[in-house]
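J.: Here it is: the structure, laid out below.
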Amino acid sequence: MNGRAHSLLIVGLTANLWAFAIDLEELPPPANQVVDFKKEIWPLFQKHCVKCHGPDQQKSGYRIDIAELALEGGEMGEAIIPGNSAKSPMIHFISGLDEEIVMPPKGDPFNAKTVGLIRAWIDQGADWPEDVGAKAVDRMDHWAFKKITWPVSPRFMHPIDAFVKVRLESKGLEFNPRADKRTLIRRLYLVMHGLPPSPEEVEAFVNNPQRDAYSKLVDKVLASPRYGERWATHWLDLVRFGESHGFETNRERIHAWPYRDWVIRALNEDKPYNQFVREQLAGDALGDPIGTGFLVAGPHDIVKGQSPELGRMQRANELDDMINTTGTVFLGLTTGCARCHNHKFDPISQQDYYALKGIFEGVKHADRNLPPNDDTKAKMANLQKRVGELKAQLAKFIAPAGQGKRPAVTAQHNIDPFPAVEARFVRFTITRSTSSQPCIDELEIFSGDKNLALASQGAKASSGGDFKHPLHKLAHINDGQYGNTKSWIAAGHTGWVQIELAAPARIDRIEWARDRQGKYGDRVPIGYRIEAGLKEGKWKTITSSADRQPFKSGQSAKPVYAFDNLPKAETERGQQLLAELQETEQQLKILHNSTKAYVGTFAQPGPTRLFYRGDPESPRDAITPGALAKFVSLKIDAKTSEQKRRLALADWIVSDTNPLARRVIVNRIWQHHFGAGLVDTPNDFGRNGVAPTHPQLLDWLASTFVSDGWSLKKLHRRILLTQTWQQSSRPHAKALKIDAASRLLWRFPTRRLEAEAIRDSMLHASGVLDLKMGGPGFSGFEVQMENVRHFFPKKNYSPADWRRMVYMTKVRQEQESVFGAFDCPDASQGVPKRSRSTTPLQALNLLNSSFVMQQAGLFAKRLQTDAGAVPQKQITRAFTLCFNRPPNDSELMDATAFIKAESLPAFTRAMLNANEFLFVP
Amino acid sequence: MNPLLNRRQFLSNTGQGLGGIALASLLGREGALAKEDPIRPKIDPTKPFAPRDGHFPAKAKKVLVIFCSGACSQLDTFDYKPELIKRHGQPMPGAEGLKTFQGDQGNLTKSPWKFKPRGQSGKMVSELVPQLGELADEMCFIHSLTGKTNTHGPGENFMSTGYTLDGFPSMGAWVTWALGSANDELPAYVAIPDPRGTPQSSINNWGPGFLPAAFQGTDFNASKPLRNLTRPAGVSAKSDLATRSFLQRLNERHLEKFPGDTELAARISSYQLAARMQLSVPEVTDLSTEKASTLKAYGADDATNPIKAGFAKNCILARRLLEKGVRFVQLFNGAYQTGGEGVSNWDGHKVLHQQYAKHGPVLDQPAAALLRDLKQRGLLKDTLVVWCTEFGRMPTFQKGASGRDHNPEGFTAWLAGAGVKRGHTYGATDAFGWKAEKDVATVYDFHATILHLLGLNHKRLTYYHNGFERRLTDVHGHVIEDILA
């Protein structure tokens, strides 16, 4: 957009600049009479203004037919300044003297007389009698914002069923009969675990005559860790959790997974939902810091460019993502709508939006080092102790600092002169680096002025191992090019690189650096020796770091140990100790990094400013951090620490004074049970959202949920034990006609499984599903590690790929090549409810992909193992694994004939494609 | 047929969710905003790609987008600026201290390619794209486009989806969601990536966003077939067929238990459609039936320039898809994958002359041949051709480099074919070709106009998502009336 032109216009419109925009002398004079608003002014507004600034349209956010709004003004500020018509923008517009804006833009204009009348009205105080014009809508007068009273069950039965039944009866509908036990257990597992039950579990349940068999099964299912894995997927969709940054380069976000594990763990441990919410906004203040991964789970533009406007827009977008996601996820309010102007429907002002911005202003996208857990702490303490011991033992080897020594190594350039020596081979051995694997951008071996090491001179490079990276290659060690992008990095933390000269020569000097361009100061080799020889292996040390002063660069100034001029045994002992020290420190560092997680970093921000029309180039007044003024005052201010700001918001969200959070979450849970929520717009409980189909049921669930200690598992249990949930899904014509989508729940609504559940179920059927939980995910792609990452679908799959799909690294902007087509979101946007489409590409993927073909093969093998060589037994086993029921006679006959004519893998391929396999029954 | 759905009917029909949720606000506010009410496409879940009427009659039925990825310079192609040539080597007035994407500016630099008047209209087009230049009389140029970002990924998103952020539906998804397709044996929406790879924003350029996945672009090109299209190695045609019919029997028996369930029925028909696609897609991608003269005209036989030959084949494929009635074809020229920054796309920061000298010929002959071929076959009558790029480039060279930096403040696109003026120019940049100055147009306007040409009102083509009635044009956009034929 032409942002520049935009902001110019805005400057022109700022209230106090107004007066200068036109010549006030030219305004028609105010009428010299007492004005009657109702008789003289209101008809003018109706005639000239209401079409564009009335109930149908509010151009520039201005509405003139309601007293409060007419006086409040629109996006450009106030239009009427009571008592001062000459300064009232409205008068400037309707006088036709303003070059930019003339009102009305088309049709019948005002004339000197009518302008004069309006001026007189404004000058006389802009009095607006109460009985004139429309009434302002109280935007707080909306069901979702009202206090929840615990509704009484309308029938003597399970309250949930009672509320549903009343609605059914009103349409002449009734519940379907209870589903059969096989259907019930299959549904229970698919909905709650995203996996079918094993045939053994099915048989046990079907043959259990106990009355409480089902409720016991529900308890078992809720206690299984599979539950957290399944329901975490719903939550991760909602909070746009991804493991790459998105945008242009889409780099991997390797420490994002701890948040995914945190969600799974929280669900499995049944962390109370109010705590679950608080920890996601301010877990750093509550002793469980990983939850704040929520704040930064969204995309992040890491391509910053040089123009400052771009940077400001990117930052504004980052914060908008947090404001909007927090609003929609926890409150069901589209707070993001108020970024540019007051919310069109809900009581959310633009000030509120920027107050919320003040809450998140200190949050940045980044990894954070987290306090290690007890186990890691113990390991680290042991290692730390050993480091102390080693350092004490090594103390006597510390080289005396300074005095008489050569200058310390620098990252940018080092010269090692020595008495000339005849050599063909030169080896540079690195014994210590400032950090991780050491790097050298160019190694030069001089004979006088001539660098003989260059590959172009016929010299050959070799090494003890190279770090694998497209930018860092062995060839760069002697290619004549400087800088990080043309450098070599050793494979390990120590290592060597060697140059074989084209011919023996008398050499007298080595020059080398980490990065002669001066951009990088890490990976500097600070412990090294340079050896030379005429033959490889016949080395003679010609120089080393031993006589250099200790390296100094910020925190990496570590003591330098010297082992020269000591008895051999002592030298060896010292070197051994040093090696162990380095190794131990390295282990410590790995453990330290293992506690890194992409959960954001926090810093106290400066003042938050309102951006006029959402434009970061048009900052306006400073705004006090806070929440939604019509709902709450958080009692914080600009001095409040940013952590306390987040905590204050979180505390209000789950407080008793806020009815939204509890209504919103119980609706989400309901939605994932029945395919649709009681409120069909799960992220919008505002006035623009859909009203609940069963308002009392929603409030009953919300009340019960809170009295159950915000326990999600108890809520599930209550829902799972209802007749509503346990009824059959069989459709019938009469009810279909009245309520095709079963929104009133006359049947359990069937639906296709989501991508993850389809994939997991296949692995379950073939018997290769790996139930390893947690930790870094597996990849669905081969990644081309360029600046801009490219992802190519894997072609071959091995057991490492056979974990549950919740553990597949979630790459933004890419679809998993087989299952992505099943409406699997890519985490670019939060998704409260997946679309559910049926496409030929889905069919092709399930029929022909190498993944499914491999699984069909494995499934066939499993059938042979489980059921032997008899087709009927194989078929029965396959049916019980895939559909949780034995085949009937005609199915058995058909399948037997089919296997005979074709093959067992052809049969398993069909089974994995079957509707019955893919649908929640 | 009036595509306006009865609201109540719509509410009772949200089970499949393909048409999108009912407009929530209407429940409480009957009557208000009636003339801007959303118009939902009426989608039969068993035939999501069936053709549907637009909001009003229109000439254009199909769209071909030629997207030059990497930001193709307007100053070296279609935006002729004599003042830039005159002031070559001088600092640009108004650019003191200006920092663009990669930093500081050098001096004004004329294009290394000369401009010549073309056709009857006398439109000045550079020697970089001579064959396209010869077709200037077919084109309707917009020289005054303005974007919102100077970064490639967001810029591509903006041009393809109307939002700089990821995750919004692409134009093609909107169009196929609204209109379906004339051919249900081919994907309704095909994205044809460059032979060198995918563009910078990759599949977000043809993604469904929050629209149902059915309406995402299917990506394949002349050298890279549609994934999972062919039956697996080791499965014979006979066995494949037998497996499908066994599967069909399984599904039909299962459906008996759920009489009237449209989602189950839709899934059965999706397998039938898949089978038809397995025949029709290879047929449409098989260029062996093309005449040698056609291959030659497009440059598909150019053995000296395999990238050009590859792009030419993609151009032929585009024509074949349009001929078959595919609704939306998005043809990419330039890729990030094999180099980016000017090496394999139009991002000429450092050595523009050298890089564009490679890219010009790859684009020029094949794209010109495609346009000519569409015209000759009468396809331009109902096909709208759109040539675009994510943003423009600066009239200056970058300080210390021989190329141009990003410039979203003024750039060029052109349209051709159904519903647009021929040999017409709309809008202009300033004397140097930096900022749009005359008839400034936004990408929103551009999108609104394209939808209008297809018979769609951009304000009423909306989908409810997360509390917003989302549009391709967000809350902006005006149809550029001046370019309508």
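The values are calculated or read from the model by the stated rules, or taken from the named source; none is laboratory data. Every value quoted in this text rests on a predicted model; they were computed, and no experiment measured them. Reconstructed Cβ throughout: ideal geometry from the backbone, glycine too, with neighbour counts over all protein chains shown.
J.: Determine which member of the set A:Phe748, A:Phe792 is within 13 Å of chain B (Cβ to nearest Cβ), at negative phi and crowded, with 21+ Cβ neighbours inside 10 Å. Break it down stepwise before answering.
T.: Working: A:Phe792 fails: crowded, with 21+ Cβ neighbours inside 10 Å.
The match here is A:Phe748.
J.: Filter the range A:367-424 for residues that are part of a strand (DSSP E or B), modelled with pLDDT under 85 and not charged (D, E, K, R) and give the result. So that I can check it myself, show each step before the final result.
T.: Residues of the range A:367-424 that are part of a strand (DSSP E or B), as a first pass: A:368-369, A:398, A:406, A:414-424.
Still in the running and modelled with pLDDT under 85: A:398, A:406, A:415, A:417.
If the condition is that a residue be part of a strand (DSSP E or B), modelled with pLDDT under 85 and not charged (D, E, K, R), then A:Ile398, A:Ile415, A:Pro417 are the ones that fit.
J.: Which count do you get for residues in the range A:126-162 that are under 30 Å from A:Lys39 (Cβ atoms) and outside any loop (DSSP other than H, G, I, E, B)? Before you say what the answer is, go through the steps one by one.
T.: Restricting attention to the range A:126-162, the residues satisfying the condition of being under 30 Å from A:Lys39 (Cβ atoms) are A:126-138.
Remaining after also requiring outside any loop (DSSP other than H, G, I, E, B): A:134.
Residues meeting the conditions: 1.
J.: Report yes if some residue within the range A:258-270 is more than 19 Å from A:Arg368 (Cα to Cα) and of a type in the set (Phe, Trp, Tyr); otherwise report no. Can you show your working first?
T.: Narrowing the range A:258-270 to residues more than 19 Å from A:Arg368 (Cα to Cα): A:264-270.
Of the ones still in play, those that are also of a type in the set (Phe, Trp, Tyr) are none.
Within the range A:258-270, not a single residue is more than 19 Å from A:Arg368 (Cα to Cα) and of a type in the set (Phe, Trp, Tyr).
J.: Moving on to the next point. Filtering the range A:726-760 down to residues that are in a loop (DSSP other than H, G, I, E, B) and basic (Lys, Arg), which residue is nearest to the chain's Cα centre (by Cα)? Let's see the steps before the verdict.
T.: Initially, the range A:726-760 is screened for residues in a loop (DSSP other than H, G, I, E, B), giving A:728-732, A:739-750, A:753-754.
Imposing the further condition that a residue be basic (Lys, Arg) reduces the set to A:730, A:743, A:747.
Numbers: A:Arg730: 38, A:Arg743: 31, A:Arg747: 36 Å.
Among those that are in a loop (DSSP other than H, G, I, E, B) and basic (Lys, Arg), it is A:Arg743.
J.: A further question on this structure: Being farther than 30 Å from A:Arg265 by Cα, surrounded by fewer than 19 Cβ atoms within 10 Å (Cβ to Cβ), polar (S, T, N, Q) and at the interface with chain B (Cβ under 9 Å from one of its Cβ atoms): is that true of A:Ser849 here? Outline the logic, then answer.
T.: Working: farther than 30 Å from A:Arg265 by Cα: yes; surrounded by fewer than 19 Cβ atoms within 10 Å (Cβ to Cβ): no; polar (S, T, N, Q): yes; at the interface with chain B (Cβ under 9 Å from one of its Cβ atoms): yes.
No.
J.: Restricting attention to the range A:871-896, and to residues there that are farther than 13 Å from B:Thr243 by Cβ and either modelled with pLDDT under 95 or small (Gly, Ala, Ser) (or both), which single residue is farthest from the chain's Cα centre (by Cα)?
T.: Taking the range A:871-896 as the starting set, the residues that turn out to be farther than 13 Å from B:Thr243 by Cβ are A:871-893, A:896.
Still in the list and also either modelled with pLDDT under 95 or small (Gly, Ala, Ser) (or both): A:878, A:890.
Details: A:Ala878: 39, A:Ser890: 49 Å.
Once the filter is applied, the top-ranked residue is A:Ser890.
J.: For A:Thr434, which of the numbered conditions (1) polar (S, T, N, Q); (2) surrounded by fewer than 18 Cβ atoms within 10 Å (Cβ to Cβ); (3) closer than 18 Å to A:His413 by Cα fails to hold?
T.: For A:Thr434, the failing item is (2).
J.: Looking at the range A:769-815 only, could you name the residues that are closer than 18 Å to A:Met853 by Cα, of a type in the set (D, E, K, R) and in a strand (DSSP E or B)?
T.: A:Arg803
J.: In the range B:162-184, which residue that is part of a helix (DSSP H, G or I) and away from chain A (no Cβ under 13 Å) is surrounded by the most Cβ atoms within 10 Å (Cβ to Cβ)?
T.: Looking at the filtered set, the residue picked out is B:Trp174.
J.: Kindly indicate the residue of the range A:596-623 that is surrounded by fewer than 19 Cβ atoms within 10 Å (Cβ to Cβ) and of a type in the set (S, T, N, Q) and also modelled with the lowest pLDDT among those meeting that condition.
T.: That would be A:Ser618.
J.: Listed residues A:Asn208, A:Asn250; which is over 21 Å from A:Arg730 (Cα atoms), without any contact (Cβ under 8 Å) to a residue 60 or more places away in the chain, of a type outside the set (Gly, Ala, Ser) and outside any helix (DSSP H, G or I)? Talk me through it step by step, then tell me what you get.
T.: Details: A:Asn250 fails: without any contact (Cβ under 8 Å) to a residue 60 or more places away in the chain.
Step by step, each of A:Asn208, A:Asn250 is checked, and only A:Asn208 is over 21 Å from A:Arg730 (Cα atoms), without any contact (Cβ under 8 Å) to a residue 60 or more places away in the chain, of a type outside the set (Gly, Ala, Ser) and outside any helix (DSSP H, G or I).
J.: Would you tally the residues in the range B:228-239 being at negative phi and either within 8 Å of another protein chain (Cβ to nearest Cβ) or part of a loop (DSSP other than H, G, I, E, B) (or both)? Please lay out each step first, then the result.
T.: Initially, the range B:228-239 is screened for residues at negative phi, giving B:229-233, B:235-239.
Checking the rest, the ones that are also either within 8 Å of another protein chain (Cβ to nearest Cβ) or part of a loop (DSSP other than H, G, I, E, B) (or both) come to B:229-233, B:235-236, B:239.
Adding up the residues that qualify gives 8.
J.: Still on this model: Of everything in the range B:381-438 that's among the aromatic types (Phe, Trp, Tyr) and part of a strand (DSSP E or B), which residue is nearest to the chain's Cα centre (by Cα)?
T.: Step one: list which residues in the range B:381-438 are among the aromatic types (Phe, Trp, Tyr), which gives B:387, B:391, B:397, B:411, B:414, B:426, B:432, B:434.
Among the residues that remain, those that are also part of a strand (DSSP E or B) are: B:387, B:397, B:411, B:414, B:426.
Working: B:Trp387: 8, B:Phe397: 29, B:Phe411: 17, B:Trp414: 12, B:Tyr426: 20 Å.
Going through the qualifying residues, I end up with B:Trp387.
J.: Determine which single condition A:Asp352 fails, assuming it passes every other condition in (1) within 14 Å of chain B (Cβ to nearest Cβ); (2) surrounded by 19 or more Cβ atoms within 10 Å (Cβ to Cβ).
T.: A:Asp352 satisfies all of (1) within 14 Å of chain B (Cβ to nearest Cβ); (2) surrounded by 19 or more Cβ atoms within 10 Å (Cβ to Cβ) except (1).
J.: Still on this structure, please answer the following. Please work out which one of (1) more than 10 Å from chain A (Cβ to nearest Cβ); (2) without any contact (Cβ under 8 Å) to a residue 40 or more places away in the chain is the condition B:Pro225 fails and give its number.
T.: Evaluating B:Pro225 over (1) more than 10 Å from chain A (Cβ to nearest Cβ); (2) without any contact (Cβ under 8 Å) to a residue 40 or more places away in the chain leaves (2) as the failure.
J.: Something else: May I ask you to list the residues in the range B:259-315 that are within 30 Å of A:Phe919 (Cα to Cα), of a type in the set (A, V, I, L, M) and touching a residue at least 24 places away in the same chain (Cβ under 8 Å)? Working first, answer last.
T.: Step one: of the range B:259-315, the residues within 30 Å of A:Phe919 (Cα to Cα) are B:259-281.
Checking the rest, the ones that are also of a type in the set (A, V, I, L, M) come to B:264-266, B:268, B:273-275, B:277, B:279, B:281.
B:Ala265, B:Ala266, B:Leu273, B:Ala275, B:Met277, B:Leu279, B:Val281, listed by residue number.
J.: Identify all residues within the range A:834-846 that are under 21 Å from the mean Cα position of the chain (by Cα) and facing chain B (nearest Cβ under 8 Å); write none if there are none.
T.: A:Ser835, the sole residue that qualifies.
J.: Anything in the range A:320-351 that is touching a strand residue (DSSP E or B) at 6+ places or on another chain (Cβ under 8 Å), part of a helix (DSSP H, G or I) and either touching a residue at least 24 places away in the same chain (Cβ under 8 Å) or over 20 Å from A:Arg609 (Cα atoms) (or both)? List them, or say none.
T.: A:Met322, A:Gln350, A:Gln351
J.: Let me ask you something else. Name, by its number, the condition in (1) surrounded by fewer than 23 Cβ atoms within 10 Å (Cβ to Cβ); (2) not in a loop (DSSP other than H, G, I, E, B) that does not hold for B:Asn457.
T.: (2)
J.: Can you confirm whether B:Pro187 is of a type outside the set (Ser, Thr, Tyr), part of a loop (DSSP other than H, G, I, E, B) and closer than 23 Å to B:Thr285 by Cβ? It would help to see each step written out before you state the result.
T.: Details: of a type outside the set (Ser, Thr, Tyr): yes; part of a loop (DSSP other than H, G, I, E, B): yes; closer than 23 Å to B:Thr285 by Cβ: yes.
Criteria met by B:Pro187.
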